[in-house]
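These notes are about the structure you will find just below.
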Amino acid sequence: MKAKEKIRKIAGNRWARTAALALTAAIAFSWLYSHGISPVWTAVAIVCFRGLFRFLYRIACILVALAIILCILSFLVF
């Protein structure tokens, strides 16, 4: 019971979320930098073209859903 309480306390902590977000961003930007993409221009693209990324995310979600539906239908047909 104590472990669950500690996990809830950490998950509800604003500083823990901020630290996790900072760590995730650092890992993502370092990966992009190692692949030749400048983190500065990546951040600028995310800020300036937020609508474009939302659109791309929606398209990706639709394509994944379509692929899952097609896989299910192919198993049912064959």
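The values are calculated or read from the model by the stated rules, or taken from the named source; none is laboratory data. No experiment lies behind these values; they were computed from the predicted model shown. Every residue, glycine among them, receives a Cβ derived from its backbone with ideal geometry; neighbour counts consider all protein chains shown.
Each row is one residue, and each column tells you yes or no for (1) among the polar types (S, T, N, Q); (2) modelled with pLDDT under 80; (3) surrounded by 11 or more Cβ atoms within 10 Å (Cβ to Cβ).
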position: LYS2; (1), (2), (3): no, yes, no
position: LEU21; (1), (2), (3): no, yes, no
position: HIS35; (1), (2), (3): no, no, no
position: PRO39; (1), (2), (3): no, yes, yes
position: LEU70; (1), (2), (3): no, no, no
position: LEU76; (1), (2), (3): no, no, no
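List the pairs whose first member sits in the stretch 55-68 and is closer than 21 Å to ALA45 by Cβ, whose second member is outside any helix (DSSP H, G or I) and of a type in the set (Phe, Trp, Tyr), and whose Cβ atoms are under 6 Å apart, counting only residues at least 6 apart or on separate chains? Matching pairs, first to second residue: none at all.
Where residues in the stretch 32-78 are among the small types (Gly, Ala, Ser) and in a helix (DSSP H, G or I), which of them is nearest to the chain's Cα centre (by Cα)? Can you show your working first?
Kept after step one, since they are among the small types (Gly, Ala, Ser), are these residues of the stretch 32-78: 34, 36, 38, 43, 45, 51, 60, 65, 67, 74.
Keeping just the survivors that are in a helix (DSSP H, G or I) gives 34, 43, 45, 51, 60, 65, 67, 74.
Numbers: SER34: 19, ALA43: 15, ALA45: 16, GLY51: 16, ALA60: 12, ALA65: 17, ALA67: 20, SER74: 29 Å.
Here the residue is ALA60.
Does the stretch 42-50 include one or more residues that are among the basic types (Lys, Arg) and surrounded by fewer than 10 Cβ atoms within 10 Å (Cβ to Cβ)? Checked against the condition, which is being among the basic types (Lys, Arg) and surrounded by fewer than 10 Cβ atoms within 10 Å (Cβ to Cβ), the stretch 42-50 yields no hits at all.
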